[in-house]
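The values are calculated or read from the model by the stated rules, or taken from the named source; none is laboratory data. These numbers were taken from a predicted model, which means no experiment stands behind them. All Cβ positions, even for glycine, are placed from backbone atoms using ideal geometry, and neighbour counts span all protein chains on display. Heads up: the accessible areas ignore ligands, DNA and RNA and are worked out on the full protein's heavy atoms, side chains in. Shrake-Rupley method; radii C 1.70, N 1.55, O 1.52, S 1.80 Å.
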Amino acid sequence: MSHAFHQRGGCQCGAIRYTLTERPRAVYCCHCIECQRQSSSAFGISVRARRAALSVEGETAKFNKTSGDRLTVCEFCPHCGSRLFHNRPAHEDLLTIKGGTFDDTSWLKPVGHIWLKSKQAWVLIPEDGLRFDAQPDDYDVLSVRYAEQWGPPGRE
């Protein structure tokens, strides 16, 4: 018997809760300096999903950042500061959920790694994962690999 994909998460203080009701488009690790700072770790886990598959309880705050010519809208909890989501206005139907904010992270299996030119030297990258020295031109190859391993995005 199959049942719907259903993963919950939220911020550190609990003021923001969310539910993802569709398998994501892709899960990957980002090793850029910003993700290292934002996650206080060696990389960030990115879960790319359709915005329509995400329901949010609570009010997030937002800030805009630019990287080169790319504008990114970042959403976080205004109470504890936990960064939860970000997206690019050019792709309003998609967003990236910060993987570490899910209640259960055991299902997160990255298919690739981006920004390897700034990764920490001690981080070992699996041989079978997709690899990008910097920002990929698009995320299609990550989405295709994720679908090959876990099935197409959507409900289980």
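Quick test of your reading of the structure: L84 fulfils all but one of (1) out of contact with any Leu (no Cβ under 9 Å at 6 or more places or on another chain); (2) in a loop (DSSP other than H, G, I, E, B). Name the failing condition by number.
Going through (1) out of contact with any Leu (no Cβ under 9 Å at 6 or more places or on another chain); (2) in a loop (DSSP other than H, G, I, E, B) one by one, L84 breaks only (2).
Which count do you get for residues in segment 60-91 that are under 17 Å from the mean Cα position of the chain (by Cα) and of a type in the set (D, E)?
The total comes to 1.
Filter segment 115-134 down to residues that are among the charged types (D, E, K, R), without any contact (Cβ under 8 Å) to a residue 40 or more places away in the chain and assigned to a loop (DSSP other than H, G, I, E, B), then give me how many there are.
Number satisfying all stated conditions: 3.
Just to be sure, is S106 polar (S, T, N, Q), within 14 Å of the chain's Cα centre (by Cα) and open to solvent by 20 Å² or more (accessible area, probe 1.4 Å)?
No.
Tell me whether segment 56-72 contains one or more residues that are in a loop (DSSP other than H, G, I, E, B) and among the basic types (K, R).
no
Here's a check for you: in segment 124-138, which residue that is among the hydrophobic types (A, V, I, L, M, F, W, C) and within 19 Å of the chain's Cα centre (by Cα) is nearest to Q36 (Cα to Cα)?
Top of the filtered list is A134.
If only one of T101, T96 is surrounded by 11 or more Cβ atoms within 10 Å (Cβ to Cβ), modelled with pLDDT under 95 and on the phi < 0 side of the Ramachandran plot, which one is it?
Matching residue, one of T101, T96: T96.
For segment 30-70: of the residues being surrounded by 13 or more Cβ atoms within 10 Å (Cβ to Cβ) and aliphatic (A, V, I, L, M), which is farthest from G14 (Cα to Cα)?
Only one residue tops the list, namely A42.
Out of the residues in segment 1-26 that are modelled with pLDDT of 95 or more and among the aliphatic types (A, V, I, L, M), state the one that is farthest from V141 (Cα to Cα).
This residue is A15.
Would you pick out the residues in segment 90-124 that are touching a helix residue (DSSP H, G or I) at 6+ places or on another chain (Cβ under 8 Å) and of a type in the set (D, E)?
Passing the criteria: E92, D93.
How many of the residues making up segment 1-29 are within 20 Å of Y146 (Cβ to Cβ), outside any loop (DSSP other than H, G, I, E, B) and open to solvent by 20 Å² or more (accessible area, probe 1.4 Å)?
2
So is D69 at pLDDT below 95, farther than 23 Å from A147 by Cβ and not hydroxyl-bearing (S, T, Y) or not?
yes
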